[in-house]
Amino acid sequence: MGRSIYCVVTAAGSGTRLGNPEPKALVKLAGSPLLHHALRALEPLQGLAGVVITAPQDYLETFAQVAQGAALSYPWKVIAGGTTRQNSVYQGLQGLLSFDRGAGQVTADDPEAIVLIHDAARALTPLQQFQRVCAAVASGCPAVVPATELVDTVREVAGESFTRQEVEITPAGATPDRAHLRCVQTPQGFAGNVIFAAHQQGHEEDQAGDGALDDAMLVARLGYQQYFVAGSRQALKITYPLDLQLATWLAQNPNRE
Ligand code: CTP
Ligand code: MG
């Protein structure tokens with residue numbers, strides 16, 4: 001492919017819904033932290049020139065030990081994330097810009113660099129998914145999102161929930177045609193100039209500091225067309241305890257994209 005690939009691995013979340021005392025990226029999956037799996041998954045990606053890992057402020061050293069233990073052949077560094085995912089990604093992008101690697105370093109206006117934003121929580125993302133995203137960016141798509149078709153029928157909510165007979169009940173609304181809908185995953189891939197500009201604008205306009213916009217929404221505001229490539233169910237986001245159980249099974253039974 002020939003183009004340099006950079007990646008921000010977001011791992012600064014606390015994992016409230018998983019419910020473990022430690023940050024989610026340190027929770028063990030088949031004997032190793034989620035972060036270890038996420039970083040090892042990137043190892044075979046050709047052209048990977050640098051990875052920035054966002055960590056909770058108090059865990060910078062622990063996260064660096066996990067990365068060290070993963071015996072990675074690509075350059076990496078750990079930085080402190082922010083209080084929201086949007087801010088963590090922004091900090092991660094700043095980290096890419098200040099990578100101490102000399103000549104090959106990415107700049108914020110580089111249209112040739114491929115920048116991936118990837119959630120450590122999708123620890124079992126198959127290599128082919130990274131490759132599909134990178135190939136689509138390299139083919140000229142400025143913003144690429146891996147996505148899956150919906151398994152379930154989806155319905156809109158039509159009003160406020162209420163409780164009757166101790167059951168929470170919610171009025172149901174319209175049924176959108178799910179053929180037109182996708183569930184989005186990571187890594188999301190961008191031409192370097194696109195993602196740096198999008199997050200810079202998001203950072204400057206985020207007056208409330210609520211960091212509510214994801215990478216795709218920030219890029220959409222700049223008017224770029226975004227594209228889907230196939231995601232995979234193996235790239236599930238480990239969110240609840242059941243997801244961790246499923247992921248444990250997947251980790252023990254690989255090659256099932
Ligand atoms: N993340 C981050 N910085 C934050 C919040 C989230 O880097 N301030 C990262 C998480 O570490 C995770 C990814 O963004 O890899 C997706 O977030 P999510 O799955 O929601 O993880 P958590 O925020 O940790 O989980 P929860 O929402 O249950 O607390
Ligand atoms: Mg979260």
For this session: May I ask for the distance between the Cα centers of the stretch 192-237 and the stretch 124-191, given as a whole number of Å?
Result: 15 Å
Exercise. In nanometres, what is the gap between the two model label sites at residue 248 and residue 22, each 7 Å from Cα along Cα-to-Cβ?
Worked result: 1.5 nm
Seminar exercise, completed: In order over the stretch 163-172: 3J(HN,Hα) from phi, Karplus 6.51/-1.76/1.60, θ = phi - 60°, whole Hz, x for each Gly or Pro, gives 10, 9, 6, 6, 10, 7, 10, 10, x, 9
For this session: Quick one: which residues, 5 or more positions from residue 4 or on another chain, have an amide H under 5 Å from its amide H? H modelled 1.01 Å from N in the peptide plane, none for Pro or chain starts.
Result: 114
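Over the chain, consider all pairs of different Cα atoms and compute the Kirkwood hydrodynamic radius from their mean reciprocal separation; express it in Å, one decimal.
Values: mean 1/r = 0.0523 Å⁻¹.
Every distinct Cα pair counted, the radius reaches 19.1 Å.
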Exercise. With each label point set 7 Å from Cα along the Cα-Cβ vector, what nm distance links residue 32 and residue 156?
Worked result: 4.6 nm
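Using the heavy atoms of the protein chains and a 1.4 angstrom probe, tell me the accessible area per residue for the stretch 1-130 in square angstrom. Walk me through the intermediate numbers first.
Details: 5290 Å² over 130 residues.
Accessible surface, normalised per residue, equals 41 Å².
Hey, if we sort 36, 203, 118, 180 by accessible area with the 1.4 Å probe, largest down, what's the order?
Numbers: 36 45, 203 75, 118 0, 180 150 Å².
These residues rank, largest area first, as 180, 203, 36, 118.
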Exercise. Residue 175 accessible area, nearest 10 Å², 1.4 Å probe?
Worked result: 80 Å²
Exercise. At a probe radius of 1.4 Å, what is the per-residue accessible area of residue 156, in Å² to the nearest 10?
Worked result: 100 Å²
Exercise. When only alpha-carbon atoms count, how far does the stretch 1-152 stretch along each of its three principal axes, as whole angstroms with the largest first?
Worked result: 45, 42, 28
Exercise. For the chain, which whole-number percentage of the solvent-accessible area (1.4 Å probe, protein heavy atoms only) is attributable to carbon and sulfur atoms?
Worked result: 49 percent
For this session: Loop only per DSSP, at most 16 neighbouring Cβ atoms within 10 Å: give me the trypsin sites (Lys or Arg not before Pro) in the stretch 1-101, ordered by residue number.
Result: 3, 17, 101
For this session: With θ set to phi - 60°, apply the Karplus curve 6.51 cos²θ - 1.76 cosθ + 1.60 along the stretch 125-141 and write out the HN-Hα couplings as whole Hz, x wherever there is a Gly or Pro.
Result: 4, x, 3, 4, 5, 4, 5, 4, 4, 5, 5, 5, 5, 4, 7, x, 6
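Which number comes out as Rg/Rh for the stretch 133-257 once both Rg and the Kirkwood Rh are worked out on C-alpha atoms? Before the final figure, lay out each step's value.
Working: Rg = 18.5 Å, Rh = 17.7 Å.
With Rg and the Kirkwood Rh in hand, the quotient comes to 1.05.
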Seminar exercise, completed: The simple spin-label model distance between residue 109 and residue 80, using points 7 Å out along Cα→Cβ, in nm, is 3.1 nm
Exercise. Which lysines have a Cα lying under 16 Å from the Cα of residue 237, excluding residues fewer than 8 positions away in the same chain?
Worked result: 24, 28
Problem set entry | Karplus-derived 3J(HN,Hα), 6.51/-1.76/1.60, for each residue of the stretch 23-28, Hz, glycine and proline x | x, 4, 5, 9, 5, 7
For this session: Would you give the gap between the C-alpha center of the stretch 78-97 and the C-alpha center of the stretch 1-57, rounded to a whole Å?
Result: 13 Å
Seminar exercise, completed: Sorted by chain and number, the residues with a modelled amide H under 5 Å from that of residue 15, at a separation of 5 or more or across chains, are 24
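Using only helices, what value at 222 nm comes out for the chain when you add -39,500 (n - 2.57) per DSSP H run of length 4 or more and divide by the total residues, to the nearest 500 deg cm²/dmol?
Working: 7 runs with 76 residues, N = 257.
Roughly -9000 deg cm²/dmol at 222 nm, from the helical runs in the chain.
The values are calculated or read from the model by the stated rules, or taken from the named source; none is laboratory data. Owing to the predicted nature of the structure, the values given are computational and were not obtained by experimental measurement. Every residue, glycine among them, receives a Cβ derived from its backbone with ideal geometry; neighbour counts consider all protein chains shown. Accessible surface areas use protein heavy atoms only, side chains included; no ligands, DNA or RNA. Shrake-Rupley method; radii C 1.70, N 1.55, O 1.52, S 1.80 Å.
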